[in-house]
Amino acid sequence: MKKKVSVLLAGMLAISMILSACSKAEETTKKKKKTKKTTTTEETETEPETEPSEVITSESSEPETIPTDTTPTESEDDPFSKETTMPDPYPDAPVLEIGPHEIAEYEYHEVSIEEQEIYNADGLQIVVTGYKLMHGISRSVTMRITNSTGHKIKLKDCVFVIDGFEEMGLFVKELEDQTTTDLDFEYYYYIGQRLGHWDPGEFQVAFEYDYLDTDEKEEIKTPVLTFQSSAYGQTEIMDLSYGAEIYNDGTYRIVAYDFYEERGDMNLMIYVENNSGKDITVHADEIFINGKDGKFSYLDMVGGGHKAVDSFTVMKDRREEFGVDGEIHEIILKLSITNQNDYKDVIELDPVKIHIG
């Protein structure tokens, strides 16, 4: 009996100890929660309040923009938009204008070239046999070429001049050895389209060729070969008196002679006359469109004693950069003439303003 009572007392004691431990754990947890809550409350109470005026910026607080010399300003009297109103880079530059004129449309005239041998050396013979119109401004001088060099060759033109104007030929032909070939020397006659000079009188052409069946890459060149058409001596002298003459010292002459729009592009046509015995390069040091530097370039190479026409073009997708109306009102050019023989003889031209329209 005593033994059962002892076991019972021991069990009750164990249960009491377990309940006591649980009670202490719960009390500790409550204290931690209370402490955490108290700490959070204290942090919230000590956080500084933010005034609305420190967070919201009013419109009146924006800094005032002070106009400077380079800040575009809009004026009712200004013919250009504020996008193009810039300080004039050359206020004292002379103002030039292209006068009213017309480029003559093509009228058909009978033009022919008599058959004639123009070259026969080192196994290569070139005979001119005629002249014919092609499509558009394409023309052709017909030729008969005999290759007896002992090699298959590639023949191409390296000089092509019509009535003193440099043109670009499209002639490249491969010719088998011991063959005679009739072919077209085709070219685009830009002078007609650009100046109204449609009927060619005198041709000057030089060829070069190399052997295709050997490792030798040395190009053999012919001298400049000259021949005439039936229109020789009948071609009118070009009158560019209406143009904007940029430079003329008797040796070199540069004229802006036309300005036109084609398929959204705007083109300023430039004539260069080189009366020296030196090959020259005419290039632009600076170009401004409507007073704004467009980072454009212009380059034209003209052989000694020759003339050339070329265009400075503003592409359609760039026109909006120079005014909201998309039109060109003024072009400023600062050009240089460089001797290609040594690149040391340089003539720097004064800037000019060309007014359009």
Counting only residues that are over 15 Å from residue 290 (Cβ atoms), under 29 Å from the mean Cα position of the chain (by Cα) and either at pLDDT below 50 or not in a loop (DSSP other than H, G, I, E, B) (or both), segment 62-117 contains a total of 4
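I need the strands (runs of 3 or more DSSP E) fully contained in segment 143-201, keeping only those with at least 1 residues that are on the phi > 0 side of the Ramachandran plot. Can you show your working first?
Details: elements: 153-162, 172-175, 179-188.
Output list is empty.
Working carefully through the options 181, 281, 251, 235, find the one that is at pLDDT 90 or above and closer than 25 Å to residue 143 by Cβ. Spell out the reasoning first.
On the way: 281 fails: closer than 25 Å to residue 143 by Cβ; 251 fails: closer than 25 Å to residue 143 by Cβ; 235 fails: at pLDDT 90 or above.
When all the criteria are applied, what remains is 181.
Any idea how many residues of segment 188-208 are touching a Lys or Arg at 6+ places or on another chain (Cβ under 6 Å) and surrounded by 20 or more Cβ atoms within 10 Å (Cβ to Cβ)? Give the steps one after another, and end with the answer.
From segment 188-208, those touching a Lys or Arg at 6+ places or on another chain (Cβ under 6 Å) are 189, 208; that's our starting set.
Still in the running and surrounded by 20 or more Cβ atoms within 10 Å (Cβ to Cβ): 189.
Summing the residues that are touching a Lys or Arg at 6+ places or on another chain (Cβ under 6 Å) and surrounded by 20 or more Cβ atoms within 10 Å (Cβ to Cβ) in segment 188-208 gives 1.
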Filter segment 313-337 down to the residues that are closer than 16 Å to residue 274 by Cβ and buried (at least 19 other Cβ atoms within 10 Å of the Cβ) and list them by number.
335, 337
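Can you tell me which of 214, 222 is in contact (Cβ under 8 Å) with a residue 40 or more places away in the chain, exposed (fewer than 13 other Cβ atoms within 10 Å of the Cβ), of a type in the set (Val, Ile, Thr) and not assigned by TED's automatic domain parsing to the domain that holds residue 288? Give the steps one after another, and end with the answer.
Numbers: 222 fails: exposed (fewer than 13 other Cβ atoms within 10 Å of the Cβ).
Selected residue: 214, the only one of 214, 222 that is in contact (Cβ under 8 Å) with a residue 40 or more places away in the chain, exposed (fewer than 13 other Cβ atoms within 10 Å of the Cβ), of a type in the set (Val, Ile, Thr) and not assigned by TED's automatic domain parsing to the domain that holds residue 288.
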Just to be sure I understand, how many residues within segment 204-225 are over 23 Å from residue 271 (Cβ atoms) and outside any loop (DSSP other than H, G, I, E, B)?
9
Which numbered condition in (1) crowded, with 19+ Cβ neighbours inside 10 Å; (2) in contact with a Leu (Cβ under 9 Å, 6 or more places away or on another chain) is the only one that residue 231 fails?
(2)
Can you find a residue that is over 23 Å from residue 251 (Cα atoms) and modelled with pLDDT under 85 anywhere in segment 343-354?
no
Criterion (surrounded by 17 or more Cβ atoms within 10 Å (Cβ to Cβ), farther than 17 Å from residue 306 by Cα and among the β-branched types (Val, Ile, Thr)) met by exactly one of 270, 254, 280, 289:
289
What is the residue count in segment 138-150 for residues that are within 40 Å of the chain's Cα centre (by Cα) and touching a residue at least 40 places away in the same chain (Cβ under 8 Å)?
6
Any idea which of (1) surrounded by 12 or more Cβ atoms within 10 Å (Cβ to Cβ); (2) free of Cβ contacts under 8 Å to residues at least 24 places away in the same chain is the one residue 135 doesn't satisfy?
(1)
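The values are calculated or read from the model by the stated rules, or taken from the named source; none is laboratory data. Since the structure is predicted, the reported quantities are computational estimates derived from the model, not experimental observations. Using ideal geometry, Cβ is built from the backbone for each residue, glycine included, and neighbour counts are taken over all protein chains shown.
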